[in-house]
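Reviewing the structure listed below.
Every number in this text was worked out from the coordinates using simple rules, so none of it is lab data. Remember, predicted model here, so these are calculated numbers, not experimental data. Cβ coordinates were reconstructed from backbone atoms using ideal geometry, including for glycine residues, and neighbour counts include every protein chain displayed.
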Amino acid sequence: MLLAEKKQSIQYTDDFSGRRKLVILLMIGAMLLLITKAVQLQVLDTQFLQKEARSRHVGTVKIAAYRGQIKDRNGESLAVSAPVGSVWVNPQYCRMNTGRKAKQACAELNNETKLKQLAKLLGIPLARVKKAFDPATKRQFVYLKRRVEPYLAGQVKALGLPGVAVVREFKRFYPAGEVTAHLLGFTNVDDQGQEGLELMYNSTLEGVAGSKRVIRDGARRVIEEHDVESIKEPEAGEDLTLSIDERLQYLAYRELKAGVIKNKAKAGSLVILEAETGNVLAVVNQPSFNPNSRKGSKISHYRNRAITDVFEPGSTMKPLVVAAALEGGYVKEQQMFTTKNLRIKGKWVKDGHDYGTLNLTNVLKKSSNVAASKIALSMPPEYFWRFYHSLGFGSSTGVGFPGEASGSLPEYYGWSAFEQATLSFGYRISMSVLQLARSYTALADDGVLHSVSLLKRDQDEYASRVLSAETAIKVRTMIEQVVKKDGTAYKARVEGYRVAGKTGTVKKAGVGGYGKDYLSVFVGMAPASDPKLIIAVMVDSPQAGQYYGGLVAAPIFSSVMGGALRVLGIAPDEEQSMSVLLTKK
């Protein structure tokens, strides 16, 4: 029995010894495998580890491009971009990262203290912050707030919340605010042009975004002071230099706004052109909006009415009709016209007063519809139409502004005699304020019609002659009388300068015909001896008791023209005033 027990003990000892040897061999084998793998990774195959490290700690981020500035003709900034930060969160961060540091950071989310701090910094509800962190959204990118000020972005980073990051972007700012709003338009939260010149020249201004590799910490936050490398540098957008003069833009805006308020009008528009080039020096509208803070603004206020809206121009067409008839030899300079009520195919054309017999100058000075009708009817319809068409009526100016209106000019082969007559005093034809101002370049620049431009240029390569210099000067001299004391636009005069221009008072067309409201219009130029500026003004539906162009629009013209001539240093040309100025010296 003892022998049997001894044999069994020896057997157990042998079995234990064998198992121990097996375990030792397995451990040695495992260690050899680990050593082999380590050598392979660290010596023979380093790319794998580098790739893993990059995937965990190196990332690629987008670098926003600087949007080009918009400047006035003198280099003053009208639209600039300022660096800001946009705060975003990855709701899946805590689920995707299970490392020790990540777990510690994510544990802080269970305490609402930092979430409340974040909500307070960004000025958003706590519920919105919590929702952004909710992994149930399945999204990996949720904006908390776009375009926050840099100091706020820094405070957000300092909180050290897991999954929260700040990306650098740019925010557009318009120093002149509502003064240039209709012209410049604005960009959206992604810095893309939405209205005005921002939209029109978006591809020029926007630039091209770049990218760079960055190092992230254990919580996947970008360590900004440790950029790995630049992949592609951002390309800034191009600057845009406009024809606009910011000084005149402010002046025009102020005076138009005051005029609209004074006359309790619905709206108003004003354009200033450089007579010898067609450059647009100012374009303003009322009501306006603040492009830096559009909350509460009506979408209808975004329209640049001076370019996008059309109206019937009324008696401002009469000087052009006289010019067409003189140029074609259909009337003589000294020809006389009776102004008794005119019956045309059963319809009447009348004047507000009995003017008796008038020469061409007084036809314009008194603004006789009857005489203007007779002048229009003296011309063949096709000739009359072609002249109007040569001035750009019925087609866009080519300035390219978003939503630009073409206006309307009916084809001549469908005209009745009465319709041809009404075209002479600005009915049955429609145009924008910009088109109206442009047409007067033909009178201001001795018969040369200019294209218009919102970009600065030294000369107009697209100018065309539509009148002889002789005819243009004759008509310009005639409409100087409109601004004299007994003319319809006495309130358009500018002290020290000869002014030439024409009023328009038009019944406002509506659905189903003409209503009770009027449009008050004036377009003119100065100095009349050698015009440098053209200004067109339209006031929509004045309700303060006056509605005539000479009483509503003309005073606005006078204030703007007088200020503009002084700002630009254009010398007076009125002989009497020159004598007074010399005497004072």
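Listing for the model above:
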read-out: Length added when fully stretched, E411-L33, from 0.36 nm per residue minus Cα-Cα; value: 126.7 nm
read-out: Neighbour-count ranking [beta-carbon atoms within 10 angstrom, fewest first] of D486, D573; value: D486, D573
read-out: Per-residue Cβ neighbour rank within 10 angstrom, fewest leading, I473, I299; value: I299, I473
read-out: Fewest-first ranking of H353, H450, H301, H182, using other Cβ atoms within 10 Å as the exposure measure; value: H353, H301, H450, H182
read-out: Label corresponding to Cα Rg over 2.2 N^0.38 Å when calculated from the structure given, among [x] 1.54; [y] 1.03; [z] 1.11; value: [x]
read-out: Selection from L434, A30, G501, by position along the positive dipole direction of the chain (Cβ); value: A30
read-out: Euclidean distance between Cα centres, segment 417-484 to segment 246-287, Å; value: 19 Å
read-out: Options Y413, P555, H182, ranked by Cα towards positive dipole end of the chain, top entry (Cβ charges); value: H182
read-out: Reduced Cα scattering model of segment 246-584, Debye log10 I(q)/I(0), q = 0.08, 0.11 Å⁻¹; value: -0.34, -0.66
read-out: S297 paired with E108, simple spin-label distance in nm, labels 7 Å along Cα-to-beta-carbon; value: 3.9 nm
read-out: Flagged links, alpha-carbon separation over 24 Å, of K350/K474; K350/K516; K138/K171; K332/K491; value: K350/K474; K138/K171; K332/K491
read-out: Gain upon complete extension [Q192, K484; 0.36 nm per residue less C-alpha separation]; value: 100.1 nm
read-out: Segment R95-Q140, length gained on full extension (0.36 nm per residue, minus Cα span); value: 15.1 nm
read-out: Per-residue [θ]222 nm for the chain (sum of -39500 (n - 2.57) over DSSP H runs n ≥ 4, rounded to 500); value: -11000 deg cm²/dmol
read-out: Approximate spin-label separation R465-K345, in nm, with each point projected 7 Å along Cα-to-Cβ; value: 3.7 nm
read-out: Length-normalised contact order for the chain - Cα pairs under 8 Å, 6+ apart - percent; value: 13 percent
read-out: Nearest-0.05 FRET efficiency for K21 and K131, computed from C-beta distance (R0 56 Å); value: 0.35
read-out: Simple spin-label estimate for A236 and D354 in nanometres, 7 Å along Cα-Cβ; value: 7.3 nm
